[in-house]
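What follows is a set of notes on a single structure, which appears directly below.
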Amino acid sequence: MSTTSALAAVSGYASISRISAAALGRQRDTAEAASTPAAAAPSASVTISSAAREAARNDTGQGLKLPDAEYWMSRDFPEDIMAEARARLEQRQPAPGGGYLPDSVANLPLLPENEALLQQFRQEMKDIGHNNPDPEKQARFNRLLNLSMKVQIDGWKAPMTEADAQRELDISRAMGVLQADQPQAEPAAGDDTPRVWDPMAGWKTRWQQEGLEMPEVTEAVTPQRSLWLQLAEGAGVAQDEFVARARELASGLSGNDLTRALEQFISERYMALRAGQDGAAA
């Protein structure tokens, strides 16, 4: 799974876990209150409000169920999905110092059509509810959550349908299955030196090796604050211009080729910006 996909999946499941944890916390607090002896309370009588009684009657105690491992490790994919998953894994390039370089451009402003699709997914999730006791509706809720993340990641390039988002989700799942089959490198024996992990370290090194200039990024990356937009802004490129250029390039490039082309574009504009600033200061 690519770094972007992995982070998106972790973020989504973290949200689900928080929902389940909150439900579990409410259930635990209710159980503890019910089991407290009367002698331990300030008074011998306990008053339970009608609202609390209604909540207790409606609380199934189940919370939101996470998709089971069997679903995520399923190998029942069409051959075209498996072929694309293999191709994307083969395209990954190791980063200097460990890990992999970014292999896609993501988290740019969505096209209006895809923003509408995302809102459609969110409305259906709201209608279902995160604690719906129907197993089929729970499965649909979880599916919509993951489809929403795929639209958020890839919906900047071209109009998407639910089928398009499902295909991207299936490819990510297939990549996860293929990666699980690969042996994992063991850490070097006796190497227990603490390290501060910099997810951009390898990327910065490659830019330097290829003679590219990377603008400094100081803000945290969020769904509303793309790393690519921060780099473009640091190079003096307005958001609309950068997104238009990215979509233009994405019409004929993908994967590493698209990433490299946008890196080159940012670097050239950044060097031109610095040259202009140096000339004005002279």
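Out of contact with any Lys or Arg (no Cβ under 9 Å at 6 or more places or on another chain) and modelled with pLDDT under 90: does that describe residue 245?
Details: out of contact with any Lys or Arg (no Cβ under 9 Å at 6 or more places or on another chain): yes; modelled with pLDDT under 90: no.
Here the answer is no, as residue 245 does not meet what is asked.
Just a yes or no: is a residue in region 219-235 among the hydroxyl-bearing types (Ser, Thr, Tyr), outside the structural domain of residue 87 (by TED's automatic domain parsing), outside any loop (DSSP other than H, G, I, E, B) and on the phi < 0 side of the Ramachandran plot?
First, the residues of region 219-235 that are among the hydroxyl-bearing types (Ser, Thr, Tyr): 222, 226.
Cutting the leftovers down to outside the structural domain of residue 87 (by TED's automatic domain parsing) gives us 222, 226.
From what's left, outside any loop (DSSP other than H, G, I, E, B): 222.
Narrowing the set further to residues that are on the phi < 0 side of the Ramachandran plot leaves 222.
Yes, the conditions are met somewhere in region 219-235.
Go through region 75-106 and report how many residues are assigned to a helix (DSSP H, G or I) and closer than 23 Å to residue 252 by Cα. If you could, list the steps in order and put the result at the bottom.
Taking region 75-106 as the starting set, the residues that turn out to be assigned to a helix (DSSP H, G or I) are 79-91.
In the following step, the residues that additionally are closer than 23 Å to residue 252 by Cα were identified as 80-91.
Count: 12.
Among the residues that make up region 249-257, is at least one of them over 29 Å from residue 171 (Cα atoms), in contact with a Lys or Arg (Cβ under 9 Å, 6 or more places away or on another chain) and either acidic (Asp, Glu) or not in a loop (DSSP other than H, G, I, E, B) (or both)?
Here is the first cut: in region 249-257, the residues over 29 Å from residue 171 (Cα atoms) are none.
No, there is no match, as no residue in region 249-257 is over 29 Å from residue 171 (Cα atoms), in contact with a Lys or Arg (Cβ under 9 Å, 6 or more places away or on another chain) and either acidic (Asp, Glu) or not in a loop (DSSP other than H, G, I, E, B) (or both).
The values are calculated or read from the model by the stated rules, or taken from the named source; none is laboratory data. Here the structure is a predicted model, which means the values were calculated and not measured. Cβ sites come from the backbone with ideal geometry, for glycine too, and all protein chains shown count toward neighbours.
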